[in-house]
1. Here's a check for you: in region 637-680, which residue that is within 30 Å of residue 616 (Cβ to Cβ) and polar (S, T, N, Q) is farthest from the chain's Cα centre (by Cα)?
2. So, of the residues in region 187-215 that are open to solvent by 50 Å² or more (accessible area, probe 1.4 Å) and assigned to a loop (DSSP other than H, G, I, E, B), which turns out to be farthest from residue 381 (Cα to Cα)?
3. Which residues, counting only those in region 723-743, are under 16 Å from residue 68 (Cα atoms) and either touching a strand residue (DSSP E or B) at 6+ places or on another chain (Cβ under 9 Å) or of a type outside the set (S, T, N, Q) (or both)?
4. Identify the residue in region 291-319 that is in contact (Cβ under 8 Å) with a residue 24 or more places away in the chain, under 21 Å from residue 661 (Cβ atoms) and open to solvent by 20 Å² or more (accessible area, probe 1.4 Å) and, among all such residues, is farthest from the chain's Cα centre (by Cα).
5. Inside region 150-167, can you point out the residues that are modelled with pLDDT of 95 or more, assigned to a helix (DSSP H, G or I) and either in contact with a Leu (Cβ under 6 Å, 6 or more places away or on another chain) or of a type outside the set (A, V, I, L, M, F, W, C) (or both)?
6. Somewhere in region 416-433, is a residue in contact (Cβ under 8 Å) with a residue 12 or more places away in the chain, among the β-branched types (Val, Ile, Thr) and in contact with a Ser or Thr (Cβ under 9 Å, 6 or more places away or on another chain)?
7. Scan region 72-89 for residues that are part of a loop (DSSP other than H, G, I, E, B) and open to solvent by 20 Å² or more (accessible area, probe 1.4 Å) and jot them down.
Amino acid sequence: MAATHSTPIAPSEGRWIPSTCGMCLHGCGIKVQVVDGVAVKIEGDATNPDNLGKLCPKGNAGLARLYDPTRVLYPMKRTNPEKGPGVDPGWERISWEEAYETVARELGRVRGEDARKLLCAIGDFQRILLWGWPAVFGSPNFFTSLGNYCGGSYHPVNGSLDGSFAAINDYEHCNYWIQIGSGDGFSSHLHLSGSSKRMADTRMRGMKVISLDPRCSIASAKADEWIPILPGTDRAFVLGMAHVLVHELRRYDRKFLREHTNAPYLVDEKGFQFRDEQGHALVWDLAVHEPRPWDKVASDSMALEGSYHYEGRELRTGFQVWMDLLESHSPEKMSEVTTVPAATIRRIAREFVDAAQIGATVEIGGKMYPYRPAALNYYRGSQSHANGLFDNLTYKLFNMLVGNIDVPGGHLGVPLDHRGFFVSPGEDGMLKPEPHQLHPAPPFKYPPDSTHLMEWFPIGFDAGQLNAETILNPQRFGLEYQPEAMMLYHSNPWWNMPETNKIEEIFRRMKFIVAIDIHLTESTQWADIFLPDRTFLESTLLNCLEPPVVTGHSLRQPVVKPLGDTRDAYEILTELAQRMGFLDNWNDLLNLVCGFTAKPKNMLDPEKRYSAEELFDRFARNIYGDDHDLEWFREHGHAVRHRTPEETYMPYGKLRIPFYFEFIKRTGEQLRGNLEAAGVTGWPYENYAPLPYWKNSPVIEDGRRGFDFYAITFKEPLHTFADTLVMPWLSEVSEKDPIHQGILLNTATGKGLGIASGDWVRLTSPAGSIEGMAQCVEGIHPQVVGVSNAITREFVTNSGVRAKGSHFNRLLKGSLDYTDGATGGLESSARVRVEKIAAAGWAH
């Protein structure tokens, strides 16, 4: 192919085929130039309003994934029984029949004995419809931290607040944007290609950006102001600002809080909402000076603040409870936690509330909306911590203080997919909380069925990191079985899970491992059978995942004939389901998750096999009608459009959203009762609180044990997780950037430690240690070291890529002590000691 197309190719040559990028989970619209059956160029699809014709570096490099010379193009079996890092598996090519027969036999044996003995690691986000395959097999186990690493606390809180899955500030109308631990609009997260264009346009019209980050990230470098902060203390900064708004400036949106939240609802001495005999939530009626049902009192007569003595009961409004909590969170106290000066906390708080224009309105599409053009946006760095629930609640409540939730200019919910916000009425005029959107809420069970204890996290995300604790210590958690087989499907848990040594021990215990992937990784090197999937340029699906301003699907379709002897992952899973005797259950599940049950004519026959094309043809027609079948999408590429104002702004109408999260407290009490009745002790219930406050995390406490520095990891738009590090086009670029060449250390800190760029250093945490080359820079907090994901891979097959081996996750703890007890969110930072082990030039 290189010889055939060694000269430049004109854009007019061949044909351009519309499709969808698969280099990250979000799926930008693309057009692929194909000449003589060879894909030669990828460009953004200018007709797609999601990415606006733009592509990030990963999308431009997609051809390198298709034509990677180290891709696995045929089924393989292991011939070397020895397993471990650096051990040659002795791969041998086999037929698909042998591969299927072996996998069906081994997994079928497990299923016949106890299906729970299968561990499943799934990371194919664009094929999220397939994530239920382990459930119909009979295994509840989630053996990966993907999703949880970034959103373990984030997604449940978004769903509990307004039925969304993610969130973003309003690019079109925001004028003052606080960015905390996020790359939105600059380097990462939601639909980067289009979002970076929107952010650029927004900056051009004068929007101010304040960035809080331990490192001078791309967002910080381009912001109007960068505020360096210690990892995991962002909540303290925001609590300090909330203190300023509530106790010093007394400026907050009273109308919004009274009319659209439960902030006026009364709370009793035990922290539960005060109700009448009929179970109605009560508010304090200022007109008659007594509690009355919330729906019998005009909003302007509801007391927002205050403590009341009524019939021997001490009552406070939900808002008053937080006001009382905030008294102890002055900027001075929060400055001690964050290292950010108290004067800065006060100044940003004042600028924010000034910019919010409380009371302003705007007309959009003939309808009047509240207008709040100031908002705080955040993501992984600010809330993927052991107290992640409190982090997320703090940021949401701070936004609520100025009334900017889901209104023009403010902080907007982002739906999971084309279905929009999950909206249904709850109790007391509230929106029903929806913390579980990827699968149904698991009922409590003891002993637990799942190795990640999903039955013990009633509002939580799948805490995959806990596998390292439960599988190696099953008696503590009542686990009645030992896993013995593993399925890896586009997932690299050896790399993505904390406490790598423990994860490696679990791999060693497996009697059989099957991998569905396109290339070899640290995890697939342990496999007994490798089943090669097709790349995004050879396969079919419809994608719509976390679109921040649009809705609708774009089509991923083959642009060239599949290389080698590969199969589509959906068809692999379907074949295995049929061979193991649960094709009917598999099709029934697809009928449910694809929404076919709502239109029976589109339902799959439980006993029939369907190709990927047949499945997604039904999927397209089920959503868009028979005139928008798969053939229509092949021609047009997508059905993406901008969300309407009605779909974007307060789509739940008059339903109230929670300010006081009583259902979290109530859920925690129910869990406590269940666990205590089962005889389980020592479970962390403290985070099941209705309102957030500051408390130290275990990482902060580790500083008392002599671990003086904080360690963080970060990524830039060049890479997805670390999956794309094996691609020479991208690695060549990242290796030219100093921040991806070694372990980042502040220049002044390095000087104090006698460390210069190029020296070899060791980081040691309570969990483990890593080594790497020091890179001294100005743009990082003096108490923080940074590890780019570009230097974390320990195994690569492409000779054009160097495995640098500074694997950050070796520093992280995956235990319950470092997990949010309510959401299951993991702690993504660590405390470390830093030591120089060799001078520059040492041959490692």
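The values are calculated or read from the model by the stated rules, or taken from the named source; none is laboratory data. Not measured: the values here are computed from a predicted model. Here the Cβ positions follow ideal geometry from the backbone for every residue, glycine too, while neighbour counts run over all protein chains shown. Ligands, DNA and RNA are stripped out before the accessible areas are found, and what is left, the full protein with its side chains, is counted by its heavy atoms. Shrake-Rupley method; radii C 1.70, N 1.55, O 1.52, S 1.80 Å.
1. Looking at the filtered set, the residue picked out is 644.
2. Per the criteria, the residue is 205.
3. Residues of region 723-743 under 16 Å from residue 68 (Cα atoms): 723-732.
Those that are under 16 Å from residue 68 (Cα atoms) and either touching a strand residue (DSSP E or B) at 6+ places or on another chain (Cβ under 9 Å) or of a type outside the set (S, T, N, Q) (or both): 723, 725, 726, 727, 728, 729, 730, 732.
4. 314
5. 154, 155, 156, 158, 159, 160, 162 - these are the residues of region 150-167 that are modelled with pLDDT of 95 or more, assigned to a helix (DSSP H, G or I) and either in contact with a Leu (Cβ under 6 Å, 6 or more places away or on another chain) or of a type outside the set (A, V, I, L, M, F, W, C) (or both).
6. Among the residues of region 416-433, not one is in contact (Cβ under 8 Å) with a residue 12 or more places away in the chain, among the β-branched types (Val, Ile, Thr) and in contact with a Ser or Thr (Cβ under 9 Å, 6 or more places away or on another chain), which makes the answer no.
7. If the condition is that a residue be part of a loop (DSSP other than H, G, I, E, B) and open to solvent by 20 Å² or more (accessible area, probe 1.4 Å), then 73, 74, 78, 79, 80, 81, 82, 83, 85, 86, 87, 88 are the ones that fit.
Here is a yes/no grid of residues against (1) touching a strand residue (DSSP E or B) at 6+ places or on another chain (Cβ under 7 Å); (2) not aromatic (Phe, Trp, Tyr):
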| site | (1), (2) |
| --- | --- |
| 694 | no, no |
| 700 | no, yes |
| 708 | yes, yes |
| 718 | no, yes |
